[in-house]
Amino acid sequence: MTQAPPSPQPADNDSVGIVVPQTLHFDQPLQLACGRALPEHDIVYETYGELNADKSNGILICHALSGHHHAAGKHSEDDRKTGWWDSCIGPGKPIDTNVFFVLSINNIGGCHGSTGPTSINPETGKPWGPDFPPLRCRDWVESQYLMMQHFGISQWAAIIGGSLGGMQAMRWALEHPDALRHCIVIASAMKLSAQNIAFNEIARRAITSDANFYEGRYLEHNTLPKQGLALARMVGHITYLSEDGMKQKFGRELKTGNLSLGAGSDTAVEFEVESYLRYQGEAFSSSFDANTYLLMTKALDYYDLAREYNDDPVEAFKLAKCSFMVVSFTTDWRFAPARSREIVDALVAADKAVSYAEIEADHGHDAFLIPIPRYMDVFHAYMKRLKQELGHAF
Amino acid sequence: MRFDLTLIQPWINANSRVLDLGCGDGMLLETLKKEKNISGVGLEIDPKNITLALARGVNVIEHDLNVGLGNFRDDSFDMVVMTLALQTLRYPHLVIDEMLRVGRECIVTFPNFGHWRSRWYLGHRGKMPVSKFLPYTWYDTPNIHFCTVKDFEALCEEKNIRILNSSVIAADNSQSELANRFPNLLGVTAVYHISK
């Protein structure tokens, strides 16, 4: 008789399981970089893992352009999709919820429950829409700082973010140097390139030229600039993938129709890639707010880590006290490895502790969301030192 | 610990800032951090080594030494170390220039191709030496620029590089004294402490 194979583990034993988003209301005005203030605001958030007794195991997750608070787990048993960073957050995953307490919030200006352009402006009783104050990355940092105080945390074990999230993590290191021990910056940059800004401007133009945009007051007209937002997402999506990645995923495969000679033209020809992009665009346009998209892309464009430091990133980083881990992906042309190396060089020149890995991946910018084996190895290896600092033996 | 790594430790000051080129799994930096409280960072290109160094708590930057050190500022480190990597570089002499620009002092260790076994292997068999220490065939080897103790010292003289200390490691510790009298013949690994 042969030995019975070990019984299979439940498929999601490394998942944080079912999570319930929470909302926190702040009734004090939040002073913003633009000079205006938000009279009051809500933050919707999720937490995973347990905060330890001395509150030293907190990790803050900063989300990217279209991200939100739902980073890991599911909202219900039959939820088809997990949180956007479920690949990295969970028991035994790089951001190990057996060890760390993870806070993931939806930034202000967002459209997933935190105060943003779709919220009601208390002064007018109408949705904020285009009148929502313009935001800078530092405004998010300040609102995240209020969350930190709410939880009674005086220092994060780490602040971790990819893309625009990495920019927030770096801003934290300069604005609140004592508030974090590690800053993990993935597929990010100290400022956008002209090419990046150009792509964002096309996306914004697509939205603002939609007939249903109504100068941003579409909610008051009971409509949505869906077509414009879908187009914006389609352009964005192309830039998050690499040429090789698209070639592998779609090639020139046809979804419908036939390109052979004499095949007639009963069915319109549609390439797989066209169908995919259209689906992505449409799905996004019914789940995301156009004003939020405009606001977030502008915050992204305006970000310049060293602007207030004589345009010298070395001078800027001299303020930081934490250790840094920087990660980039070879085929990411939106936040190219060269941008990450600039961060690393400035940190070395500023005499800061920094590690850097350039992960070979053909997923373009989206790679930071995907559990690529080497990426996970590097992430695990770095997180090991955070666990050791907390006194966990391995 | 590899013997060349033990040998160079006295030349590295406590609390100094060390850059380790080709740091491997980070053992040297980990030891120096523990014993001399240095702050250091390693450059490495091999993914497995990078993960090992990270897991040890050593700061490591993925970097190809063949693209140079142009991204590092002048005199930004007290000591720049490169152990057993010189012979793998496309332009070893330019990397040495760069090391001396980035660091105030440097330590270089390399396999000495002038060792009598290499000479004997080549002279007797007429073939490129293959040994336990250097196990590669000529056509598939990371080692593309072998040199001897004499070659290295000639390069230092040509470039006006000061040799602050030097030593060789013999095949066997008991031959150490003799090997340091005839370094180019009996030294398996050469160890140099240099500055501008």
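In this structure, the pairs whose alpha-carbon distance is over 20 Å, taken from A:384/B:34; A:352/B:33; A:318/B:36; A:191/A:249; A:352/B:36, are A:318/B:36; A:191/A:249.
A Förster distance of 56 Å, applied to the separation of the beta-carbon atoms of residue A:50 and residue B:124, puts the FRET efficiency at 0.20.
Considered as an equivalent ellipsoid built on the Cα gyration tensor, the range A:230-303 has semi-axes of 32, 15, 8 Å, the largest given first.
Per residue of peptide B:59-68, the mean number of Cβ atoms on other chains within 10 Å of the residue Cβ is 5. Sorting the Cα pairs of the range A:232-387 by distance into bins of 5 Å, from 0 upward, gives 2, 8, 11, 14, 15, 15, 13, 9, 6, 3, 2, 2, 1, 0 percent per bin.
Could you give the dipole magnitude of the range A:234-287 about its Cα centre, charging the beta-carbon of Lys and Arg +1 and that of Asp and Glu -1, in debye to the nearest 20? Don't skip to the end; give the middle numbers.
Values: 5 positive and 8 negative charges, 13 e Å.
That gives the range A:234-287 a dipole magnitude of about 60 debye.
Evaluated at q = 0.05 Å⁻¹, the base-10 log of the normalised Debye intensity for the protein assembly as shown, with identical point scatterers placed on the Cα atoms, takes the values -0.28.
Partner lysines whose Cα lies under 17 Å from the Cα of residue B:150, excluding those fewer than 8 positions away in the same chain, are identified as B:159.
Hey, what D do you get for the range B:48-95 in µm²/s if you plug the Kirkwood alpha-carbon radius into Stokes-Einstein at 25 °C and 0.890 mPa s?
Values: Rh = 12.6 Å.
Translational D for this selection: 195 µm²/s.
Other residues whose C-beta falls under 11 angstrom from the C-beta of residue A:247 contribute a net charge of -2, scoring Lys and Arg +1 and Asp and Glu -1. Candidate cross-link partners of residue A:247 among the lysines, defined by an alpha-carbon separation under 26 Å and a same-chain spacing of 8 or more, comprise A:81, A:255.
Taken over the range B:1-93, the convex hull of the Cα atoms encloses 101 Å³ per residue. Placing a pseudo-label 7 Å from each Cα along the Cα-to-Cβ vector at residue A:268 and residue B:165 gives an inter-label distance of 7.7 nm. Backbone N atoms of the range A:272-308 closer than 20 Å to the 7 Å Cα→Cβ label point of residue A:123 belong to residues A:291-292, A:295. Placing a pseudo-label 7 Å from each Cα along the Cα-to-Cβ vector at residue A:278 and residue A:259 gives an inter-label distance of 1.7 nm. Counting pairs of Cα atoms in the range B:106-147, how many percent are more than 12 Å apart? Taking all Cα-Cα pairs of the range B:106-147, the fraction more than 12 Å apart is 63 percent. Under the simplified labelling scheme, the residue A:27-residue A:338 pair shows an inter-label distance of 5.3 nm, with each label point 7 Å from Cα along Cα→Cβ.
Any read-out appearing in this document is the output of simple, stated calculations on the displayed coordinates, not a laboratory observation. Predicted model, so just to flag it, every value in this text is computed and none were measured. When we count neighbours, we look across all protein chains shown, and the Cβ atoms used for this are built from the backbone with ideal geometry, even at glycine.
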